[in-house]
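Asks: So that we are looking at the same thing, I have put the structure below in structure tokens.
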Amino acid sequence: MIEIEQISKSFGKVQALNNVSMTIGNGEIVGLLGLNGAGKTTLMRIIYGLLAPTVGTVKVDGLNVATQAEQARLQLGVLPDGAGLYKRLTARENIAYFARLQGMNEAAITDSTDQLIDILRMDNIAERYSDGFSLGERMKTALARAIVHKPQHVLLDEPTNGLDVITTRAVRALLRQLKSEGRSVLFSSHLMYEVENLCDRVLIISGGQLVAGGRVEDVLHSAGCNSLEEAFVALSQAEVSHVV
Amino acid sequence: MWFKQLRAVWNKELGDAVRDKRAMKIAFLPPVYMVLFFAVGIGFAIHLQNNEERDIEIHLAGQDAPLEAWLTENSITLNPAPEDPYGAVESGEVEFVLVLNTEPVAAGSKEPRSATMVYNASNQSVHGSVGEVRRLLYQYNSMEAGINILARGLSPKLINPVSVREANVASDQQMGGLILGGVPLLLLMCAMMGSVGFAVDMTAGERERHSLEPLLINPVPSMTLILGKWLAAVALTLAVVLVCILLMSIALYFLPFDKIGLRVSVSAGAMLGVFLSLMPIAAIAAALQLVLGILSRSFKDAQTYMSFLIVLPMVPFFVVVTNPGIYETWHLWVPMLGHQTVLRNLLLGEGAEFMAFIAFTVSAIPVVLIALWLAAKQVRRAKIIYG
């Protein structure tokens with residue numbers, strides 16, 4: 001379980017996050033929605049501990065990310081925004097390097113890597129240097145690298161960005177599989193239908209504040225809209241005009 | 001666990017570096033051309049020193065039989081000058097014309113005669129001949145004056161109240177030291193810059209290609225990451241240093257130092273000593289490169305900082321070269337300062353005291369530790385990861 005308690009973050013005079021609290025339980029997929037600059041990425045960075053909150057705490061399975069960073073990170077698999085690969089390593093080597101840093105043994109690395117290469121349809125790029133990969137190929141490699149150690153909690157910043165339809169489906173299937181294994185998934189996205197189809201819960205963040213959260217139906221109900229897109233726009237705009 | 005992670009970082013960085021053609025060129029080409037330039041330069045210097053009895057050919061206008069005889073006696077070849085000596089020198093047709101009186105000198109004449117040296121001072125190659133001819137002219141002057149004074153019953157000493165002599169007391173080895181002064185600098189630069197390309201890729205490169213953030217999300221202590229990178233950079237630097245020493249040994253072996261009476265040692269023992277002396281420098285260099293690299297946003301940014309490292313070995317070099325004999329034992333404890341003396345002594349076959357190696361190693365430890373600690377501290381700052 002990931003517990004986010006009253007997180008606020010400011011950069012100088014800019015308040016990026018304001019008193020955000022939420023919980024992500026095991027075995028659930030949670031979608032994080034927000035306009036550009038709403039604070040999604042900042043929130044993600046605070047959860048995986050590379051950015052310190054100004055106020056508040058984040059706990060991963062009871063481990064405080066600020067004070068027990070390494071133990072907490074062992075439970076996390078993260079695909080950050082714009083993750084870069086090592087271009088002189090093959091896709092497989094890129095994945096294996098992070099697996100070794102996670103402390104996996106070589107046999108487990110081979111098994112897990114083979115499995116992910118299969119699920120994400122990466123056979124044709126597995127042994128190629130990642131220099132010259134297309135955006136989709138880079139995303140797939142970075143995604144495989146993030147979850148190769150089978151983490152309990154998976155945080156993904158726009159994981160289907162740049163992927164073709166077939167691969168997007170493969171990623172969705174992968175996320176469902178993670179869920180069925182009792183792992184939790186938090187992912188941010190701009191694609192409403194993806195969130196609608198995949199997520200157990202939706203969190204909408206706007207102007208650094210959590211403006212709505214719950215099952216898709218609940219969010220639609222509270223916003224008085226028929227589609228998630230309308231609800232999202234209404235909630236985000238309301239907050240923006242409120243802030244202005 | 002941390003040892004496993006350290007090994008993973010070390011393996012990855014080494015493998016990545018070996019595939020990095022650009023960094024490989026930056027690392028292994030400079031030793032090749034530095035040693036090549038050094039060999040050509042020193043070879044030329046030896047050639048010049050060795051040619052003391054070079055043939056000087058000059059052009060002569062006018063007549064002065066006794067003076068001409070004196071010049072010819074002193075191995076100066078005299079050729080007839082073109083009609084307009086000044087114009088010919090100006091246009092570069094000839095380099096140097098000695099213009100004498102137009103009238104032949106009558107035997108026993110005591111009239112003052114003139115000798116004008118026409119040359120273009122901006123032409124560097126003429127200075128040797130001009131100096132030699134000038135010296136011979138002054139010598140001829142005082143010789144003839146002496147004879148004239150003597151003919152009048154006076155001592156020639158009267159016209160030479162101060163007798164000027166030159167005595168160069170530099171021993172052959174000291175002369176060798178002067179010629180070899182650049183070798184320690186060259187070796188230190190090899191050690192200082194050997195892994196620059198790799199270290200920059202491991203630090204600024206991680207930032208530039210946005211791989212630092214995912215890397216740091218792994219449960220790896222910052223120090224383990226930096227240590228792994230540092231060990232890989234040191235190993236690569238030592239490979240560069242080894243190539244540099246090997247090439248330098250070949251150059252020193254084939255350069256004809258014996259022609260100028262020098263003994264330059266390229267024994268295996270001496271080269272081992274040189275390598276051992278450079279090991280702590282490689283450790284310092286890699287650590288400094290990492291800390292400067294992590295502060296750089298990109299390769300370009302890093303280049304600005306790295307130029308600082310090239311200057312570092314030059315400071316002790318100029319201190320020692322401009323003050324020969326300044327050496328004191330405490331120099332051994334200042335990284336790169338003691339190296340100037342110890343490396344030169346090793347090359348001249350004088351060996352080095354064991355204390356020097358201990359001092360080099362011990363004095364490097366705090367520098368390396370501080371640099372690595374700084375790098376590890378910097379690497380997790382939000383400004384570095386996201387800046």
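Asks: Which members of segment B:267-287 meet the condition of being in a helix (DSSP H, G or I), at pLDDT below 90 and open to solvent by 40 Å² or more (accessible area, probe 1.4 Å)?
Replies: B:A268, B:G269
Asks: What number of residues in segment B:11-48 are within 11 Å of chain A (Cβ to nearest Cβ) and open to solvent by 60 Å² or more (accessible area, probe 1.4 Å)?
Replies: 5
Asks: Identify the single condition in (1) modelled with pLDDT of 90 or more; (2) open to solvent by 20 Å² or more (accessible area, probe 1.4 Å) that B:G182 does not satisfy, given that it satisfies every other one.
Replies: (1)
Asks: Right, another one. Is segment B:140-152 home to any residue that is at pLDDT below 85 and surrounded by 13 or more Cβ atoms within 10 Å (Cβ to Cβ)?
Replies: Taking every residue of segment B:140-152 in turn, none turns out to be at pLDDT below 85 and surrounded by 13 or more Cβ atoms within 10 Å (Cβ to Cβ).
Asks: Run B:F357 past the list (1) buried (at least 17 other Cβ atoms within 10 Å of the Cβ); (2) of a type in the set (F, W, Y); (3) modelled with pLDDT under 90 and report the number of the one that doesn't hold.
Replies: Single failed check for B:F357: (3).
Asks: If I ask for residues that are surrounded by 12 or more Cβ atoms within 10 Å (Cβ to Cβ) and not hydrophobic (A, V, I, L, M, F, W, C), which ones from segment B:110-134 would you list?
Replies: Once the filter is applied, which keeps residues that are surrounded by 12 or more Cβ atoms within 10 Å (Cβ to Cβ) and not hydrophobic (A, V, I, L, M, F, W, C), segment B:110-134 yields B:R113, B:T116, B:Y119, B:N120, B:N123, B:H127, B:G128, B:S129, B:E132, B:R134.
Asks: Between A:I95, A:I47, A:I2, which is buried (at least 23 other Cβ atoms within 10 Å of the Cβ), touching a residue at least 40 places away in the same chain (Cβ under 8 Å) and either in contact with an Asp or Glu (Cβ under 6 Å, 6 or more places away or on another chain) or more than 12 Å from every other protein chain (Cβ to nearest Cβ) (or both)?
Replies: Of the residues listed, the single one that is buried (at least 23 other Cβ atoms within 10 Å of the Cβ), touching a residue at least 40 places away in the same chain (Cβ under 8 Å) and either in contact with an Asp or Glu (Cβ under 6 Å, 6 or more places away or on another chain) or more than 12 Å from every other protein chain (Cβ to nearest Cβ) (or both) is A:I2.
Asks: Here's another thing I want to ask about it. One residue is enough: does segment A:29-41 have a residue meeting the conditions within 14 Å of chain B (Cβ to nearest Cβ), within 26 Å of A:E229 (Cα to Cα) and crowded, with 21+ Cβ neighbours inside 10 Å?
Replies: Within segment A:29-41 (the criterion being within 14 Å of chain B (Cβ to nearest Cβ), within 26 Å of A:E229 (Cα to Cα) and crowded, with 21+ Cβ neighbours inside 10 Å), the answer is yes, since at least one residue qualifies.
Asks: May I ask you to list the residues in segment A:111-138 that are buried (at least 19 other Cβ atoms within 10 Å of the Cβ) and either among the small types (G, A, S) or touching a residue at least 60 places away in the same chain (Cβ under 8 Å) (or both)?
Replies: A:S112, A:A126, A:S130
Asks: May I ask you to verify whether B:I245 is more than 14 Å from chain A (Cβ to nearest Cβ) and over 29 Å from B:K377 (Cβ atoms)?
Replies: The answer is yes for B:I245.
Asks: Out of the residues in segment A:50-89 that are within 10 Å of chain B (Cβ to nearest Cβ) and open to solvent by 60 Å² or more (accessible area, probe 1.4 Å), state the one that is modelled with the lowest pLDDT.
Replies: Of everything passing the filter in segment A:50-89, A:D81 is modelled with the lowest pLDDT.
Asks: Another question about this same structure. If B:A239 meets every condition in (1) surrounded by fewer than 22 Cβ atoms within 10 Å (Cβ to Cβ); (2) in contact with a Leu (Cβ under 7 Å, 6 or more places away or on another chain); (3) more than 9 Å from chain A (Cβ to nearest Cβ) apart from one, which number is that one?
Replies: (2)
Asks: Hey, another quick one. Which of the residues spanning segment B:299-323 are surrounded by fewer than 13 Cβ atoms within 10 Å (Cβ to Cβ) and over 30 Å from B:H210 (Cβ atoms)? So that I can check it myself, show each step before the final result.
Replies: Of segment B:299-323, the ones surrounded by fewer than 13 Cβ atoms within 10 Å (Cβ to Cβ) are B:300, B:304, B:307-308, B:310-311, B:315, B:318, B:322-323.
Within segment B:299-323, B:V311, B:V315, B:F318, B:T322, B:N323 meet the criteria.
Asks: Looking at segment B:1-10 only, could you name the residues that are free of Cβ contacts under 8 Å to residues at least 24 places away in the same chain and more than 7 Å from chain A (Cβ to nearest Cβ)?
Replies: Of all residues in segment B:1-10, those free of Cβ contacts under 8 Å to residues at least 24 places away in the same chain come to B:1, B:3-4.
Correct list: B:F3 only.
Asks: So, one more: Where in segment B:28-118 are there strands (runs of 3 or more DSSP E), lying wholly inside it, with at least 3 residues that are in contact with a Gly (Cβ under 9 Å, 6 or more places away or on another chain)?
Replies: Hits in segment B:28-118: none.
Asks: Using the structure shown, decide if B:V264 is modelled with pLDDT under 90 and in a loop (DSSP other than H, G, I, E, B).
Replies: Yes; evaluated as a whole, the condition is true for this residue.
Asks: If you don't mind, another one. Please state which of the following conditions B:L225 fails to meet, knowing it meets all the rest: (1) hydrophobic (A, V, I, L, M, F, W, C); (2) within 30 Å of B:R209 (Cβ to Cβ); (3) without any contact (Cβ under 8 Å) to a residue 60 or more places away in the chain.
Replies: It is condition (3) that B:L225 fails.
Asks: Right, another one. Being surrounded by 13 or more Cβ atoms within 10 Å (Cβ to Cβ), outside any helix (DSSP H, G or I) and not aliphatic (A, V, I, L, M) narrows it down to one residue among B:S296, B:S363; which is it?
Replies: Just a single option satisfies the conditions, and that option is B:S296.
Asks: Still on this structure, please answer the following. Based on this model, can you work out whether B:S163 counts as at pLDDT below 85, under 45 Å from the mean Cα position of the chain (by Cα) and either under 30 Å from B:S91 (Cα atoms) or part of a helix (DSSP H, G or I) (or both)?
Replies: no
The values are calculated or read from the model by the stated rules, or taken from the named source; none is laboratory data. On a predicted model such as this, the values are computed, not experimentally measured, just so you know. Counting neighbours? That spans all protein chains shown, and the Cβs are built from the backbone with ideal geometry, glycine included. Note: areas computed on protein heavy atoms with side chains; ligands, DNA, RNA excluded. Shrake-Rupley method; radii C 1.70, N 1.55, O 1.52, S 1.80 Å.
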